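Just so it is clear, none of the values below were taken in a lab; they were calculated from the coordinates. Here the structure is a predicted model, which is why all the values come from computation and not from measurement. Positions of Cβ are backbone-derived with ideal geometry, glycine not excepted, and every protein chain shown enters the neighbour counts.
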Amino acid sequence: GNSVTQMEGPVTLSEEAFLTINCTYTATGYPSLFWYVQYPGEGLQLLLKATKADDKGSNKGFEATYRKETTSFHLEKGSVQVSDSAVYFCALRGANAGKSTFGDGTTLTVKP
Amino acid sequence: GAGVSQSPSNKVTEKGKDVELRCDPISGHTALYWYRQSLGQGLEFLIYFQGNSAPDKSGLPSDRFSAERTGGSVSTLTIQRTQQEDSAVYLCASSPAGSPDEKLFFGSGTQLSVL
């Protein structure tokens, strides 16, 4: 079945540091890939997505590139802010739709 | 409504009691999902409804768990004879048509505590 493996957390960074959160997946066919974010006290919301190989999703300074050859979708941001502190979830949706499969989440704390 | 609505937001119950959790998806969304988020862990898939198709129940952890979706809209997740390990946040999500590239819209969840 489908699976998502995320970089274990928690991750603590200073403001303006570079962020990478690794995500690799196992799936049949060509899934769609997503990053969701859960800010403190809020529900999960979509951060970005990519639906085919070599696509780059981007939003709020975050980027992730769909790498079919390495089955990866790593999340990056060049300069994090305190307001980026949240839990980040990598997810995939199979080509035949149905349920989405989520990683275990990575907690990011950004210190001023 | 504007978003996915879940009720109650918090539920405290005694071990052995039955509980019902409600989800009101975004109007017009045909796909509805239930997930469970235990403390410090990821999202565990429970069940998926898509239109009039038979639901995907492959994630339900035991026969104490069941869910229904009436009229293609509101869904109720029922846990019978609750156990302490059922304590978690239960999340509902919906999407417009169940297509692979659609994002999920999540509710705020129901925090279930079994004493």
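Things worth noting here:
- Counting Cβ atoms of other protein chains within 10 Å of each Cβ in B:96-102 and taking the mean gives 6.
- Antiparallel content of DSSP bridges confined to region A:1-108, in %, to 5: 95
- Paramagnetic label zone (point 7 Å from Cα along Cα-to-C-beta, B:Q84; backbone N under 18 Å) in region B:26-64: B:38-40
- Loop GluC sites (Glu not before Pro), region B:51-115, which have at most 14 other Cβ atoms in a 10 Å radius of their Cβ (DSSP): none
- Binned Cα-Cα distance frequencies in chain A - 10 Å width, integer %: 15, 50, 28, 6, 0
- Chain A: Lys pairs at Cα distance under 25 angstrom, eight or more positions apart or on different chains: 17
- Largest-first principal axis extents, alpha carbons of chain B, Å: 38, 26, 25
- For A:S85, residues with placed amide H under 5 Å, excluding near neighbours: A:V110
- Loop chymotrypsin sites (Phe, Trp or Tyr not before Pro), region A:1-96 (other Cβ atoms within 10 Å of the site Cβ: 15 or fewer; DSSP): A:F18
- DSSP-loop GluC sites (Glu not before Pro) across region B:1-62, with at most 12 other Cβ within 10 angstrom: B:E14
- Bridging of B:K15 to aspartates and glutamates at a Cα separation below 17 Å is possible for B:D63, B:E85, B:D86, once same-chain residues fewer than 8 apart are set aside.
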